[in-house]
Amino acid sequence: MGRKEDFFAHIEEGYKTKGDFIAMGAAMLDGEAVTNALVKIPLKTLNRHGLIAGATGTGKTKTLQVLAENLSDKGIPVLLMDLKGDLSGLAQPSPGHPKIDERHQKIGFPFTAKKFPVEILSLSEQDGVKLRATVSEFGPVLLSRILDLSDTQEGIVAVIFKYCDDHKLPLLDLKDFKKVLQYATGEGKKEFEESYGRIATSSTGAILRKVIELEQQGADLFFGEKSFDVNDLTRIDEEGRGMISIIRLTDIQDRPKLFSTFMLSLLAEVYATFPEQGDSDRPELILFIDEAHLIFKEASKALLDQIESIVKLIRSKGIGLYFVTQNPTDVPDAVLAQLGLKVQHALRAFTAKDRKAIKLTAENYPISEYYDTKEVLTSLGIGEALISALDEKGRPTPLAATLLRAPMSRMDVLTAKELEEVIDNSRLIPKYNETIDRESAYEILNEKIEKAEAKAKKDEEEEKATSRTTSSRSRRSSSRQNPVVKVLTSATFIRGVLGILRKAMK
Ligand SMILES: Nc1ncnc2c1ncn2[C@@H]1O[C@H](COP(=O)(O)OP(=O)(O)OP(=O)(O)O)[C@@H](O)[C@H]1O
Ligand SMILES: [Mg+2]
C-alpha cells in the first residue's frame, strides 16, 4: 500500500463509529484533502466538552456554525453565546457558492443548503427573549462569588438570605437585596441583632459598593422576574430538529463581570434542573461560548474553581460545553484537561510569544506519524483545522488535519427585517417579556419601616404620659453565636445551586 492508502485506512479505522455521528470534513495529507477519509465525531462523546481555537479569521465561528447546525439536524438542541453578532445567519439557508461546491467535492459528500429553527435571546435591552433570574434563585453562594466577597462578607450575605427566608421576603432584584442589606444595619438593626448577631455597618457598606459596581455593568437588567426556565432551551421543532437558541451578547464585551455572572448562573441552573443521564448515546444540550477568554479573563480564583467543578459535573447531565477562543492558553489548564474534542485552526507565528504558544499547543496533541504538528499548525488554510476527538469508547482518535465542510446556513448575518421575523415568530417572547413588578422585599420592608415608625411615635407619647421608673428589661444577649457560624451550620440552609454543587462534591 502507498502512503496515501495507509493514511486513508488509518483515518477510517480511527474514526469508525457504530452509533450516529457528525461528519466534520475530510482528513488531509500533505496539505491536500483525501476524499472520503471522513473525520466523524460520535454523538455519544459530545458531552465530553470541547475547544475551538485559532488565530483571527481562520474559521472558528464557522466551525461553531457547522457543529450547531449538524447537532440541530440530529435533533439535539444548541445554545450559542453570540458575542460578535455573527451567528444569526443560521436562520436562513446558504446562498451557495462555487467555492463551497468545490470544497465539498474534495471532501466527498455533496453540499446542501438549509435553514434552522432559531430563537433569539437577550440579556440586555436588545430585542429577543429576555433572560432573567431572581436574586433568591441565584443564591448566597453564587452571589458572593460574583461579588468577590471575603468570608465575613459572605457570611453576612448568607444571613441576609436566611432572614428573607424566615420572613418570607422575596428577593427578586438587586433593589430588594440592597434594601435588606441597609435594613440589617439601619432600621432593622435590633431585630437582626437579636436573631442573628451583630452585623458591622462597615461590612454591609462594602457589600453594597460591590453590588453597585455589578449594577453599573447592567446586572439590574438580568436580576428580576420572570425568571427563565432552562427547560425552554431543549425544544425540538415539528420536523424533529433541535432548537438553536442564540443569546445576543454584542453589548457585553466590555462588561466581563456581567457575562461571567450570567454564564455561571446559567450553568448552575442547567446543572440543577437536568436529570442524570447515565450512559446515553446522545447529548441533551450543547452550549457554545464564543470569545470564551472573556469569562476567564477577570474571574477570581474562587470563580475559576466553580467553573472548573461545573465543567466536571455537568457532563453527567448530558450537557456539552464548547469554548471558542483564539489561543488555547486562554483557557485554564484544569478546564483544558477536561475537553474531549479539540478543533485547532491555524495559529500565526509573529512573535516569540506566538512561537512558544505554538510549541505548547503542539505538545498537547497526540503524536502522528503523518504530521509535523508544529508545522501543520502554522500552515493550515482558512476553514481547515487539526482535529482530535474521542471515539465511542472514549479513546483519543488519530490526529487529523481536516478540510472542514461549509455551513449549510448563511455565513452572513440576518437583515433587520429577517431578524424581526424570527422575533415575531418566537413562542417564548410572550412568556418572558412582560414586565412583572410583584411585591418583594423592597416594598415589604418599606411598609414595615413605616409601621414601625408610626408605632415608635405612639409608644413614645404613651411613655411620656406614664413616665414610670421601672428598670429596663434585661434582654438575652450574652452568649450569642457568631451570625456566620449560626447560619452556615444550619443543615436546612443550603441554598443556591452552587450550594447543591458543593454538597455533591463532598
Ligand atoms: N468551513 C468553512 N467553509 C467555508 N468557508 C469558511 C469556512 N470556515 C471559514 N470560512 C471562511 O473564512 C471566513 C472567516 O471565518 P470565521 O468568521 O469563522 O473566522 P474566525 O476564526 O471566527 O475569526 P474571528 O477570530 O475574527 O472571529 C468566513 O467568513 C468564510 O468566508
Ligand atoms: Mg469568530
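Tabulated results
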| quantity | calculated |
| --- | --- |
| Residue among 273, 337, 246 farthest towards the positive dipole end of the chain, charges placed on Cβ | 337 |
| Normalised contact order of segment 111-250, rounded percent, pairs of Cα under 8 Å and 6 or more residues apart | 41 percent |
| Centroid-to-centroid separation of segment 114-190 and segment 428-462 [C-alpha atoms, Å] | 17 Å |
| Nearest-20 debye value, segment 36-195 charge dipole, Cβ charges on Lys, Arg, Asp, Glu | 1000 debye |
| Estimated FRET transfer efficiency when R0 is 45 angstrom, pair residue 273-residue 464 (beta carbons, to 0.05) | 0.20 |
| Förster radius 56 Å - calculated FRET efficiency between residue 452 and residue 375, Cβ distance, rounded to 0.05 | 0.15 |
| Convex hull volume per residue in cubic angstrom - Cα atoms of the chain | 162 Å³ |
| Net charge over other residues, Cβ less than 15 angstrom from the Cβ of residue 294 (K, R count +1; D, E count -1) | -1 |
| Gained length - residue 165 relative to residue 97, 0.36 nm times residue gap less alpha-carbon distance | 18.5 nm |
| Over the chain: helical MRE at 222 nm, DSSP H runs n ≥ 4 each giving -39500 (n - 2.57), nearest 500 | -13000 deg cm²/dmol |
| Distance in nm between pseudo-label sites at residue 32 and residue 312 (7 Å out along the Cβ direction from Cα) | 4.8 nm |
| Simple Cβ-charge dipole of the chain, Lys/Arg +1 and Asp/Glu -1, about Cα centre, in debye nearest 20 | 1460 debye |
| The chain, relative contact order in percent, only Cα pairs under 8 angstrom and at least six apart counted | 30 percent |
| Label-point separation, residue 194 to residue 420 (7 Å along Cα→Cβ), nm | 6.0 nm |
| In range of the label at residue 150: residues from segment 178-199 whose backbone nitrogen is under 20 Å from the point 7 Å along Cα→Cβ | 181-182, 184-186, 197-199 |
| Among beta bridges that DSSP assigns inside segment 103-249, antiparallel share in %, nearest 5 | 10 percent |
| Under Karplus coefficients 6.51, -1.76 and 1.60, residue-wise ³J(HN,Hα) of segment 382-392 in Hz, glycine/proline x | 5, x, 10, 7, 7, 10, 9, 10, 10, 7, 4 |
| Cα gyration tensor, segment 292-354 - rounded (a/c under 1.5), prolate or oblate | oblate |
| Linear extension gain, residue 329 paired with residue 126, 0.36 nm per residue minus alpha-carbon span | 69.9 nm |
| Net charge, residue 111 excluded, C-beta distance under 15 Å - Lys, Arg +1, Asp, Glu -1 | +4 |
| For residue 50, residues with placed amide H under 5 Å, excluding near neighbours | 321, 322, 323, 340, 341 |
| Separation in nanometres of the label points that stand 7 Å from Cα toward Cβ, at residue 434 and residue 220 | 2.4 nm |
| Dipole of the chain, positive direction: furthest Cα of 452, 35, 224, with charges on the beta-carbon | 452 |
| Segment 369-442: trypsin sites (Lys or Arg not before Pro) in DSSP coil with no more than 11 other Cβ atoms inside 10 Å | 393, 427, 438 |
| Under-5 Å amide H pairs with residue 92, H placed in peptide plane, nonlocal only | 116, 410 |
| Charge sum, other residues only, whose C-beta stays under 13 Å from residue 10's C-beta, Lys/Arg counted +1 and Asp/Glu -1 | -2 |
| At least 24 Å along the helix axis (C-alpha) and Kyte average at least 1.6, DSSP helices within the chain | none |
| Fraction of beta bridges assigned by DSSP in segment 279-396 that are antiparallel (%, nearest 5) | 45 percent |
| Relative contact order [Cα under 8 Å, 6+ residues apart], segment 124-181, whole percent | 39 percent |
| DSSP-defined antiparallel bridges as percent of all bridges, the chain, nearest 5 | 40 percent |
| Potential lengthening between residue 354 and residue 280 on full extension [0.36 nm per residue; Cα-Cα distance subtracted] | 22.7 nm |
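Bear in mind these aren't lab numbers, they're just calculated from the coordinates by the rules spelled out. Bear in mind the structure is a predicted one, so any value in this text is a computation, not a measurement. Glycine also receives a Cβ, built like all others from the backbone with ideal geometry; neighbour counts cover every protein chain displayed.
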